[in-house]
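The values are calculated or read from the model by the stated rules, or taken from the named source; none is laboratory data. Quantities reported herein were computed from a predicted structural model and do not represent experimental measurements. Cβ placement follows ideal geometry from the backbone for every residue including glycine, while neighbour counts extend to all protein chains displayed. We work out accessible area using only protein heavy atoms, side chains counted, and drop any ligands, DNA or RNA first. Shrake-Rupley method; radii C 1.70, N 1.55, O 1.52, S 1.80 Å.
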Amino acid sequence: MRFNIGSRGPRDESIPLLTHPLAEGDRIAIAALGAQFEVLDVPGHTRAHIAYYGSKLLFCGDTLFACGCGRVFEGTPPQLHASLAKLAALPDDTLVYCAHEYTLANIRFARAVEPGNKALAERERADTRTREQKRPTVPSNIGREKATNPFLRCAEPEVAQSASRFRGAALAGPVEVFAAIREWKNGF
């Protein structure tokens, strides 16, 4: 089944073939699916990244990954941290459809950041079995991400302590913790 919904993308980007520029609060409908989605501005990975949320489904591109998040390319760590907080505020049963299957690599990093997280250890076992069966780990859901994704857990003491060890200095809050673990993940 093919859908012709035009070329949609962030309003604040210069994209030559963009026919339908979108921004926070805009809505798109896919009649064939009977679904309507709200556009969310989620800058940080890129300057003007957007996500689509509706019917407890989140299509978030490279902002949030299963047990990870995108790199900071054109945005800033505070922007990406705020965007992730916006997504984490969605209902826990929201299904998260990210752009790539990086889950096991992200879990390995998350275990280095938060080795004492029991939910993360269980996720590692379950997702490893899933991938061994050649099945995808995506979609995840917001509740699972809040319990296991270090980029959504920057206020947790173990995550903050690991980030401080990485930086070699105490950090002044969740945004600094986020920036430190995002930098750490870049070289992991």
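According to the Cα gyration tensor, what semi-axes, each the square root of 5 times an eigenvalue, does the equivalent ellipsoid of region 97-188 have, listed from largest to smallest in whole Å? Please report the intermediate quantities before stating the final value.
On the way: eigenvalues 121, 30, 28 Å².
In descending order, the three semi-axes are 25, 12, 12 Å.
Non-local amide H neighbours of residue 75 (under 5 Å, H modeled in plane, Pro and chain starts lacking H): which ones?
Placed amide hydrogens put 44, 46, 47 under 5 Å from residue 75.
How much of the accessible area of the chain, in percent, comes from carbon and sulfur atoms when a 1.4 Å probe is used? Could you put the intermediate results ahead of the total?
Working: 5110 of 9560 Å².
Accessible surface attributable to carbon and sulfur in the chain totals 53 percent.
Over the chain, give the accessible area per residue in Å² for a 1.4 Å probe, as an integer. All intermediate terms of the calculation are to be shown ahead of the outcome.
Details: 9560 Å² over 188 residues.
With the other protein chains kept in place, the chain gives 51 Å² per residue.
Show me the three semi-axes of the equivalent ellipsoid for the chain, from the C-alpha gyration tensor (sqrt of 5 times each eigenvalue), largest first, rounded to whole Å.
On the way: eigenvalues 170, 83, 36 Å².
In descending order the semi-axes read 29, 20, 13 Å.
Using Cα positions and a limit of under 28 Å, work out the lysines in reach of residue 86, with same-chain residues fewer than 8 apart set aside.
56, 118, 146, 185
Which residue, 103, 128, 46, has the most motion in a Gaussian network model of the chain that connects Cα atoms within less than 10 Å?
Of 103, 128, 46, the Gaussian network model singles out 128 as fluctuating most.
How far apart, in nanometres, would the label points at residue 89 and residue 146 be if each is projected 7 angstrom from Cα along the Cα-to-Cβ direction?
1.3
Considering the alpha-carbon set of region 6-114 alone, what are its Rg and its Dmax in angstrom?
Gyration radius and largest Cα-Cα distance of region 6-114: 14.3, 44 Å.
Out of 31, 99, 160, any idea which swings most in a Gaussian network model of the chain, alpha carbons joined below 10 Å?
Top of the fluctuation ranking is 31.
Helix 157-167 versus the longest principal axis of the chain: what is the Cα-based angle in degrees, 0 to 90, to the nearest 10?
For 157-167 against the chain, the angle is about 80 degrees.
Of 120, 33, 84, which is the most mobile in a GNM of the chain whose springs link Cα atoms less than 10 angstrom apart?
33
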